[in-house]
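Presented below is the structure to which this report refers.
The values are calculated or read from the model by the stated rules, or taken from the named source; none is laboratory data. Note that the structure is a prediction, hence the values are computed from the model and not measured. FYI the Cβ positions are ideal-geometry reconstructions off the backbone, even for glycines, and counts take in every protein chain you see.
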Amino acid sequence: MKLKLLYTGLAGALLLFGCTPADTSPPVVRVSQPADGATVNTNGVEVRGSATDERAVARVTYQLNGGPEQRVDISTGKQVNFELDVSGLEQGNNVITLNAYDAAGNKGSTQLKVRYQPGAPGVVITQPVAGTTLNRTGVNVVGRATDDQAVTRLTYQLNGGPEQEVSITAGAQAEFSFAVSGLREGSNTLTVNAYDALGLKGSATVSVVYGPLVLTGLVVDNNAGAALAGSTVTVDGSPATAVTNSEGAFTLHLPAGTYNFNFSKPGYAGSRIEGLRLEANLGPISVVQKRAANPGLATTPPSLSVTTGAGGCGGIAAGVDFATVTQAQACVPFRITATAQGSGNMVRLIYAGLAKTPGSGFFSNPRFSWSADVNGPDTGNRQLSGAAVAGVNGPTTFEVVAYDLNDNRVHRIYYLDFTQNTASPAVTPVTSFRVLSVTLAQAVGFYSPPKPTAVRLPTASSISVQGAPSADSTLWVELSWSYSGTNPDRFEIWRSFDGSTFTRIATLGGTARAYNDGSPQLAVGRRVYYRVDAVGSTTATGPVLATTPLDRFTVSLLSPAKNQTGVSVRPTFSWSVSRVVGDQRLFAPFVLDYPQQGEYLIWSPYFSTGQLFSDADLEVSGNTYSVAYNADGAASLSRLEAHHAYSFDLSAAAVSFDPADPARVEAISIAQDIWNVFHPLGVCNFGGPVCTGEWNEFVTGDGSY
């Protein structure tokens, strides 16, 4: 006890006279990165850590593999953090020693083991893109190779063949660009190899397709519908792929052969073409891909089983796979079973046709149609004969299309040689040929609308339609003609976009007198020419007529406003159009007794006198049109009743005329037509703004004005 007190007193005396105990404790060094024993693939490594001391860390150094100490920059303190790059690692095991010193020269150390295992060079091929399809036997290869030290050598291999040297400038990053020739038909693999000074090798491989034949196509969201951009096109058993552009177009380069194609896009039903034979440059083919009806259902197209059914006609045996059929005469027997994919799904429609892609009757009659959702997915034993095969002679196709409830679509194609047994008559050119393009201001999903009649115009001219200017519109071209004498074997429909080079787009039986073209090649403002040839023992070339499709427009009713009260008994009606299209705008106003509007028309110039109002008959200010009530004097009331409810609605269209024949209406754009003044189907059966239109209910005031 006396000793302890003596020691305590001595320490206090030393402190009192300014003396401190000697510092004999070394700093403590810790490493946080990398982990002890780590392996790196470069000859340098970043080291992080800290050193602590009870008084202060004055200096930090490091040593590589027992070499001289290298100073590390720090700020003096009780705890210092350090971060340093250690370069010059030897291949294999390395020891990095971290040293920390305090002011008294005490030294603390720790050792870090690091293994340097050099990595192989990295290779990136930027061109060509994987899956690229080419119609030539050569391709340019572009990319870069990198290494922690230097890329010293570069080679390539085509389809696993011997390495071919490529000239490069050695360095940590070596850019390369070279040409490869000798691609074989079909799929090819290109491998680029990079080597470093140690002989380590890195590689990258890309696949490309050489197809001497070109397939082009156009994808639309409906017959006569708008282009579908962003749909991915793949080919069964091939790396070839494409994505449709803003015009719905795609291009594939493929070797000759028979292919299955798949079309997919988020939010859209799947579409598939099976059995397309590519023997020459082909296109553009037309593909329909509808928006999915139910996002919760599968987007896989139905599967098909197609046989010859009961057979018997056309010289075809019964019950065999239709793929075995190569010839038919006057008749095609078949039986189709379609199977929907995914839970809760079922087949909706099955179509079959000869020499055409069957679908909506509006575009592909005559054809076989089967309501699978009502009658089941098996068509039973059926046949195409008579009008369904009229005019078909020689190599042709038998085609099947099926839709399920989610609008997934499968289209299968069979190729056969079809013959007729009838003698060919003498022929003469068609007469009364008419061509009209029609634009509707809404998208219409064509399945089976009624057969169209003539579009009704002020002069009662007959006309026809085109392809859609936008996703919320529909566009098609309607052709009609007359023929005198014995019907020909067939009519051939020819189309041109320059007026000189014509392409046959359809073959119809000799009884046909009309055709609707809903091709996605049709476009607003793009002039298109048609002719119809009669074919029998000879060919009688028909006259040529052209049309330029119009853009869509919409109508807004302005006055009286919807639900307005206190309206004059002699009101002025006004409306505006979203854009002014065509050579002439045509309007048919209607005023109805609102409580009885289903039947009782107070003012209907079109129904009473056949009058349509045009720009010349109306007050026009920019895009706004106005007309006074009873402007033609044909209203059932000279003035409306006071304190009474009425409604105002409007049929609206725009037309353009043939520059070479101003009396011929060549195009019409219909905004709304609840009373069927203009509509080419004769009756609106699909709802929406065209068929339902817009109407304003209003109530008159006391009648004093």
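The single condition from (1) in contact (Cβ under 8 Å) with a residue 24 or more places away in the chain; (2) of a type in the set (S, T, N, Q); (3) over 27 Å from V477 (Cα atoms) that S360 fails is (3). In region 366-382, the qualifying residues are those that are surrounded by 14 or more Cβ atoms within 10 Å (Cβ to Cβ) and not in a loop (DSSP other than H, G, I, E, B), and the one that is farthest from the chain's Cα centre (by Cα) is R382. Within region 273-286, at least one residue is under 27 Å from I505 (Cβ atoms), among the small types (G, A, S) and touching a helix residue (DSSP H, G or I) at 6+ places or on another chain (Cβ under 9 Å).
For region 209-257, filtered to residues that are assigned to a strand (DSSP E or B) and of a type in the set (S, T, N, Q), the residue that is farthest from S669 (Cα to Cα) is S238.
Checked against the criterion of being more than 28 Å from the chain's Cα centre (by Cα) and in a helix (DSSP H, G or I), region 390-409 contains not a single residue that satisfies it.
When residues in region 551-600 are screened for being closer than 15 Å to I674 by Cα, more than 42 Å from the chain's Cα centre (by Cα) and assigned to a strand (DSSP E or B), 2 of them pass. Considering the conditions (1) in contact with a Lys or Arg (Cβ under 7 Å, 6 or more places away or on another chain); (2) touching a residue at least 60 places away in the same chain (Cβ under 8 Å); (3) surrounded by fewer than 21 Cβ atoms within 10 Å (Cβ to Cβ), A654 is excluded by exactly one of them, (3). Residue check: is D23 within 30 Å of G119 (Cβ to Cβ) and either outside any strand (DSSP E or B) or at pLDDT below 90 (or both)? Spelling it out, it is not the case that D23 is within 30 Å of G119 (Cβ to Cβ) and either outside any strand (DSSP E or B) or at pLDDT below 90 (or both).
(1) buried (at least 22 other Cβ atoms within 10 Å of the Cβ); (2) touching a Gly at 6+ places or on another chain (Cβ under 8 Å); (3) among the hydrophobic types (A, V, I, L, M, F, W, C): which one isn't true of L218, the others all being true? The failed condition is (1).
Whenever a residue of region 376-397 is in contact (Cβ under 8 Å) with a residue 12 or more places away in the chain and assigned by TED's automatic domain parsing to the domain that holds G353, its partners that are assigned to a helix (DSSP H, G or I) and crowded, with 16+ Cβ neighbours inside 10 Å, lying with C-beta atoms within less than 6 angstrom and at least six residues away or across chains, give the pairs Q383/C313. Just one of the numbered conditions (1) touching a residue at least 60 places away in the same chain (Cβ under 8 Å); (2) under 24 Å from T326 (Cα atoms); (3) more than 16 Å from the chain's Cα centre (by Cα) is not true of T258: (1). Scan region 573-591 and tell me whether some residue there is assigned by TED's automatic domain parsing to the domain that holds F678 and without any contact (Cβ under 8 Å) to a residue 24 or more places away in the chain. No, region 573-591 contains no residue that is assigned by TED's automatic domain parsing to the domain that holds F678 and without any contact (Cβ under 8 Å) to a residue 24 or more places away in the chain.
Within region 653-675, the residues that satisfy the criterion of being assigned to a strand (DSSP E or B) and over 32 Å from the mean Cα position of the chain (by Cα) are F657, D658, D661, P662, A663, R664, V665.
For region 640-651, indicate whether the set of residues that are closer than 22 Å to T547 by Cα and either crowded, with 24+ Cβ neighbours inside 10 Å or at pLDDT below 85 (or both) is non-empty. There is no residue in region 640-651 that is closer than 22 Å to T547 by Cα and either crowded, with 24+ Cβ neighbours inside 10 Å or at pLDDT below 85 (or both). Assess whether S608 counts as being surrounded by fewer than 16 Cβ atoms within 10 Å (Cβ to Cβ), in contact (Cβ under 8 Å) with a residue 24 or more places away in the chain and more than 27 Å from D551 (Cβ to Cβ). Taking the combined requirement at face value, the residue satisfies it. Looking across L183, L200, L228, L218, one residue alone is more than 30 Å from the chain's Cα centre (by Cα), closer than 28 Å to G275 by Cα and not hydroxyl-bearing (S, T, Y). It is L183.
Looking at region 258-364, the strands (runs of 3 or more DSSP E) lying wholly inside it that each contain 3 or more residues that are more than 23 Å from V220 (Cα to Cα) sit at 303-307, 327-329, 331-339.
Within region 116-157, being assigned to a strand (DSSP E or B) and more than 30 Å from R184 (Cβ to Cβ) holds for Y116, T146, D147, D148, Q149, A150, T152. Of all residues in region 56-115, those that are part of a strand (DSSP E or B), in contact (Cβ under 8 Å) with a residue 40 or more places away in the chain, within 22 Å of S25 (Cβ to Cβ) and among the aliphatic types (A, V, I, L, M) total 6. Of the residues in region 132-145, at least one is modelled with pLDDT under 90 and among the charged types (D, E, K, R).
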